[in-house]
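Colleague: Mind having a look at this structure? Questions to follow.
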Amino acid sequence: MFEYAPAPESVRPQIKEHYGLFVDGKFTDAADGADFKSVNPSTEEVLFTVAEAGAADVQNSVAAARRAQEAVWGPMSGAERGKYLFRIARLLQEKAREFAVAESLDNGKPIKETRDFDVPTAAQHFFYHAGWADKLAYAGLGSDPRPLGVIGQVIPWNFPLLMLAWKIAPALACGNTVVLKPAETTPLTALMFAELCQEADLPPGVVNILPGAGGTGAALVDSAVDKIAFTGSTAVGRAIAKSIAGSKKRLTLELGGKAANIVFDDAAVDQAVEGIVNGIFFNQGHVCCAGSRLLVQESVADEVLARLKDRVTTLRVGDPLDKNTDIGAINSAEQLERIAALTDAGSGEGAEVWQPDCDLPDRGFWFRPTVFTGVQQSMRIAKEEIFGPVLSVLTFRTPDEAIAKANNTPYGLSAGVWTEKGSKILWAAERLRAGVVWANTFNQFDAASPFGGLKESGYGREGGRQGLEAYLDV
Amino acid sequence: MGSILSGAEAASLVRALPGVDAVGLEARAAGLATRSVKAESKAKAIDLAISMIDLTTLEGADTPGKVRSLAAKALRPDGDAPSTAAVCVYPSMVPVAAEALKGSTVKVASVATGFPAGQVPLDVRLADTEAAVRAGADEIDMVISRGAFLAGDLERVFHEIKAVKAASGEARLKVILETGELVTYDDVRRASWLAMYAGADFIKTSTGKVGVNATLPVTLLMMQAVRDYRALTGVQVGVKPAGGIRNTKDAIKYLVCVNEVLGDPWLSNEWFRFGASSLLNDLLMQRQKLKTGHYSGPDYVTVD
C-alpha cells in the first residue's frame, strides 16, 4: 500500500491578534467597541478577534465612500483607475501563498484549492477588470456609461476572497466606491485585502471593509448607498429585496441553487464521474452552483454509481493545510448542523445513504462525502439546498424527462450536461432554465464569462462584459 | 491465455466503446500530478519505481559488452537499492542478457515482431518472437500494426496479437500500442481493449522511437482500461508506460496514478513497469539525497 506522508504547507501568514474595521483607508475599532472571534473550523481554535461594525460605523463608511467617489475615484480617468487595479492584482499574485494559507485557515477549505483556484482566480478578476477601466465606452452599454456611486456589498463565507474580487473589481473599474461586509465566519482575507489596498496606495475611502454579522449587513442595506450587491442565501436575498423595494437603490442578487448534473447514456463515463465529484465535492459542496442533484439515465445508473463510489473512496478528507487533502472542514458548527439535519431528513424519507469509510479528525467540523441513491423529486434532499458534500442521485428515462426534472426547482443557477453527442448538448442547453450550463465539465469559472442565476437564484451577472452593467448607470 | 472471442466479435465490441473526453481526462491526470509525495513515502516510492523498471537498450550499436553492463546495473543498481524488474533488449542480445541474469529475479524482456515499426510479414514477426523465446526471453514486447489499426482493420490486428501470444508460449506478452501514432484517446482506448481481448498480459504505451511517447493522460486512460477489463472478465492485465519518463518526479506521478486508479493489486512489478533507461540514475540520485540529505551529482551514479 502506497500511503502519502503528511505534506503540510509550510508558509504561515502574519495573522494579527486583532483586526479593526477598515474605514476611509484606516483600521479602526467599532464605535460601540463590539468585536467577535474568528475560528479555525478544522481545529475550533480562535484565530483572531475582529471589530464588529454597527450602524454608526456603516454610516461613517458610507460617508467616506461617498467623499472618495465624488472627489477622487469618480473623476479619475479610467486609465488611472486601471493602474490601481493592476497594482492590486499584482500584489495579490505576489502574496498568493499567504492569502492561500490564510483562506484555508479561516474557511477550512483545502490549501490545494485556495492555492490553485481561489487566489489565482481572484487575481484574474482584478487583471480582467483593470483592462476594462478605460474601455467602458466600448462595453456596448452606451457611449459614456457613468458609475452608480457608492455600492454596498455583502458576500458569503464559501469563497471569501474570490467573492470579494467578484464584487470589488468590477465596481472599482466602473468608477464606484464600495463598502463591503465579509461573512461573519471568514473575515480574514478581506482584512488582508484591506492591508493590501493600503500597500497599493489606493485612495482612502474607495474600499471600506466592515466585518460583522446579519445586523451589520442589514444596516448596510438600509444605509445611503446607491446599490446593493448580495451573494448568499435566497431567504436573505428576498429580505433585502423587500427592504429596498420602492427606494432608488439598485440590487443584484446571486443566491442559492440546486443544480442538476445530467449524465446521458452516451457520456464519457470516467470523465462524467470526475465531473460529478468536482460538481458536488469541490469546496466541501459549499458552492451555490454545486451539482447537488445528479440526474443519471436509468440505463447506465448502476455503472455510473459503482464508478462514482470507487472514486469517492479515494477522496482524502482531513487537514486543510495538507497539500494532498481533497476535502477540508465544514465552515462552521451551524452549517454542519444544517447538513446533518438535511441528511437525516433524506434517510428518514427513504433515500439510501452511502459514505466512504474514512477517518475524520477529532476536533473541528467535518462531514464525510455522502451519496444518496433512490432519491425522489418529492424528497427534501432533492428540493432544498444542502450546501455541503451531499449528492442526491435521481434517474431519468428519456432526454425530455431529464429536462423536466432538472427544471423542476425554484432555483436556476447552473446545470451540467454530459454526453459525447454535440447536438444533444445544444438541445439540452436550450431547454435548461439555468444561468450557466456546463457541457462535459462542471464548476468552471472565468472572469470573462458572466455568471448569475434565473428564478430564485437571483438576478444580475458577474464577470464578463455583461457583469459591468451591474455597476454602471445605463 | 487465449481469447475466446472471434476477431469480428472483438472488433465490434471495441468499436462500441464509449468515447473519451480529452479535456476531462487531461484535467484528471493534471489533478493526480499535484499530489505531494514526501519523506518516507517518497523513499518507498523511489524503491518501488526502481523495482518496476525495464532497463532498456534498443540501439543498432548494442553490443554484448553494453548489454552485460546494463544487466549488472539491473541486478545491483546502487548499494542496497532493489534490482530492476527486467532488462529489455533486441532479440539478438537475448542470449547475452539471459546469461548475465541467470538465477536472478531480473527478467529478460525482448522486443520482437519487427520492432519498432512492425512493417514486416507476419510469419517473420512470429519467427522473430519464437527466436527470442528460444534464446531465453521471459517477456516479449511486441508492436501492433498501427497501419492496419488506422486503416480500420481491427480484426487483423486482433488476429496478429493472438498469433504472437501463441508464439510467445510461456513468456508474458506486452503489447505496444504506440500511442503517439494512434494519436486520439478514443483510439488508445480501442487499441487497449483489442489487445486485452486478444490475450495481452501487459499493454504498453510506446516504443520510445517516435516523437510522442508515454504521457500521463494516455497512461491514465490505459489504467482505466485494465481496471475495467478486470471488472468485466476477472483477468488482470499490466500497464507499461515507456519512453520519456526521465526523472523521479515524473515516475512518482505515474505511481500516484496507479495508487489512486488501480490500487494495491497493481502496485508491484508484476503488474506495472516503466520502460526507461535514464530514469534509473535519477531515482538513484534522489535515493542518495534522501539518505544523506544532500545531492551528490551524476558522478556518484554509474554510467552503463
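The numbers here are math on the coordinates, done by the rules we state, and not lab data. All of these numbers come straight from a predicted model, not from anything done at the bench. Here Cβ is always computed from backbone atoms with ideal geometry, including for glycine, and neighbour counts include all displayed protein chains.
Colleague: Can you list which of the trypsin sites (Lys or Arg not before Pro) found in the stretch A:354-420 are DSSP loop residues with at most 16 other C-beta atoms within 10 Å? Don't jump to the answer; show the numbers that get you there.
Modeller: On the way: sites: A:Arg363, A:Arg380, A:Lys383, A:Arg397, A:Lys405; in loops: A:Arg363, A:Arg397.
Qualifying residues, ordered by number: A:Arg363, A:Arg397.
Colleague: Now for a different question. Quick one: which residues, 5 or more positions from A:Val296 or on another chain, have an amide H under 5 Å from its amide H? H modelled 1.01 Å from N in the peptide plane, none for Pro or chain starts.
Modeller: Amide H neighbours of A:Val296, under 5 Å, 5+ apart: A:Val263, A:Leu394, A:Thr395, A:Phe396.
Colleague: So if a site counts as exposed when it's one of the GluC sites (Glu not before Pro), its DSSP state isn't H, G, I, E or B, and it has at most 12 other Cβ atoms within 10 Å, what's the longest stretch of chain B without one?
Modeller: No qualifying site falls inside B:171-304, the longest such stretch.
Colleague: Same structure, new question: With a point put 7 Å past each Cα toward its Cβ, work out how far B:Gln236 is from A:Arg238 in nm, to one decimal.
Modeller: According to this spin-label approximation, the distance is 5.6 nm.
Colleague: With each run of n ≥ 4 DSSP H residues scored as -39500 (n - 2.57), what mean residue ellipticity at 222 nm is computed for chain B after dividing by its residue count and rounding to the nearest 500 deg cm²/dmol?
Modeller: -14500 deg cm²/dmol
Colleague: Also, I was wondering about something else. Rounded to whole Å, give me the distance from the Cα center of the stretch A:372-425 to that of the stretch A:62-89.
Modeller: 44
Colleague: I want to check the label-to-label distance for B:Glu40 and B:Leu150. Put each point 7 Å from Cα in the C-beta direction and report it in nm to one decimal.
Modeller: 5.0
Colleague: Follow-up question, since we're still on this one. In nanometres, what is the gap between the two model label sites at B:Ser92 and B:Asn247, each 7 Å from Cα along Cα-to-Cβ?
Modeller: For the pair B:Ser92/B:Asn247, the computed spacing is 3.6 nm.
Colleague: Take A:Ala439, project a point 7 Å from its Cα along the Cβ direction, then tell me which residues of the stretch A:399-432 have their backbone nitrogen under 11 Å from it.
Modeller: A:417-430
Colleague: Give the distance, in whole Å, between the Cα centre of the stretch B:228-304 and the Cα centre of the stretch A:180-224.
Modeller: 50
Colleague: So what is the 222 nm mean residue ellipticity for chain A from helices alone, if each DSSP H run of at least 4 adds -39500 (n - 2.57) and you divide by all residues, rounding to the nearest 500 deg cm²/dmol?
Modeller: Using -39500 (n - 2.57) per qualifying helix, the result is -11000 deg cm²/dmol.
Colleague: Still on this structure, I have one more. Using the beta-carbon distance between A:Asp359 and A:Glu17 and R0 = 35 Å, what value does 1/(1 + (r/R0)^6) give for FRET efficiency, to the nearest 0.05?
Modeller: Computed FRET efficiency for A:Asp359 and A:Glu17 comes out at 0.60.
Colleague: Which whole-number percent is the relative contact order of the stretch B:7-289 (Cα, under 8 Å, 6+ apart)? Don't jump to the answer; show the numbers that get you there.
Modeller: Details: 526 pairs, mean separation 56.1, N = 283.
With pairs under 8 Å counted, the relative contact order is 20 percent.
Colleague: Specify the inter-centroid distance of the stretch B:178-203 and the stretch A:274-338, based on alpha-carbon positions, in whole Å.
Modeller: That distance is 32 Å.
Colleague: Could you calculate the FRET efficiency of B:Leu17 with B:Ala72 from 1/(1 + (r/R0)^6), where r is the beta carbon distance between them and R0 is 41 Å, rounded to 0.05?
Modeller: E between B:Leu17 and B:Ala72, to the nearest 0.05, is 0.40.
Colleague: What is the gain in length, in nm to one decimal, between A:Glu352 and A:Lys83 on full extension, counting 0.36 nm per residue of separation less the C-alpha to C-alpha distance?
Modeller: 91.3 nm
Colleague: Would you please give the FRET efficiency between A:Asp134 and A:Thr49, computed as 1/(1 + (r/R0)^6) with r the Cβ-Cβ distance and R0 = 41 Å, to the nearest 0.05?
Modeller: After rounding, the FRET efficiency stands at 0.50.
Colleague: Out of A:Ile386, B:Thr233, A:Gly246, whose Cα points farthest toward the positive end of the dipole of the protein assembly as shown (charges: +1 Lys, Arg; -1 Asp, Glu; placed on Cβ)?
Modeller: A:Gly246
Colleague: Which of the chymotrypsin sites (Phe, Trp or Tyr not before Pro) found in the stretch A:200-285 are in a DSSP loop and have at most 16 neighbouring Cβ atoms, other than their own, within 10 Å?
Modeller: On the way: sites: A:Phe230, A:Phe264, A:Phe281, A:Phe282; in loops: A:Phe264.
Passing both the DSSP loop test and the Cβ count: no residue.
Colleague: Something else: If contacts are Cα pairs under 8 angstrom and at least 6 residues apart, what is the relative contact order of the stretch A:233-372 in percent?
Modeller: 19
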